[in-house]
Amino acid sequence: MKFTKALRFVAPVLGLAAASAFLLRPEDTRVEPSPWIVDAAVALNRVPANPHAQAGVAATAAGATFAHEAALEGQRLRVQRRFAEAAASYRRAVEANPADADSWADLADCLSAAAGKDLTAGREAIERALAVDPRHRKALWLRASLELQEGRYATAAATWRELQPLVATGSSDARVIAANIAEAEALAHPAGGEPGQGG
């Protein structure tokens with residue numbers, strides 16, 4: 001099964017108005033910008049930004065303040081869908097405080113959105129977020145989506161499983177993650193067809 005026939009880009013929902021949607025591309029191989037990345041960013045984003053939230057690394061007071069302000073500016077620009085400008089703000093935030101996993105994940109979102117929802121553009125930022133916090137929900141969601149985009153279905157299923165216990169049981173996020181795991185496994189082991197890419 002072709003990746004373009006089956007891949008779902010899903011915007012997670014954590015009680016926000018933005019609805020999750022499965023976007024199938026039956027025959028159309030064109031890649032067009034979609035709101036899913038910014039929706040995901042809003043839904044799985046930080047609690048009110050705290051530049052001292054990451055343990056083990058202390059930024060200077062001035063640097064922490066700058067990082068906090070840059071992250072808030074990035075949030076404002078992202079909501080306005082000014083992704084390239086938002087990415088620049090988040091870049092300044094992580095330069096001032098490299099231990100801010102939230103800003104790394106937000107940077108990944110905005111870089112991907114600015115590239116026409118190509119998640120490979122945010123690969124490094126995703127990995128930097130997970131290096132700071134291996135259980136960062138949004139970074140795990142983005143990594144699983146990147147792995148699906150690249151056809152690494154078994155790896156994507158494993159990443160979704162890492163995320164699964166980090167969301168509330170029975171929530172809309174839990175249901176979406178369960179569906180994504182089932183889909184990734186089906187793509188990795190298609191019935192009656194050649195095995196998909198394992199990752």
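Please treat every number below as a calculation from the coordinates, not as lab data. Quantities reported herein were computed from a predicted structural model and do not represent experimental measurements. Neighbour counts are summed over all protein chains in view; Cβ atoms, including those assigned to glycine, are modelled from backbone coordinates with ideal geometry.
Things worth noting here:
- Approximating the spin labels as points 7 Å out from Cα along Cα→Cβ, the Ala62-to-Ala186 distance works out to 5.7 nm.
- Farthest positive-ward along the range 59-199 dipole, Cα basis, beta-carbon charges - from Ser172, Pro98, Leu187: Ser172
- Calculated FRET value between Ala131 and Ser171, using beta carbons and R₀ = 30 Å, to 0.05: 0.65
- The alpha carbon centroids of the range 130-177 and the range 65-91 are separated by 24 Å.
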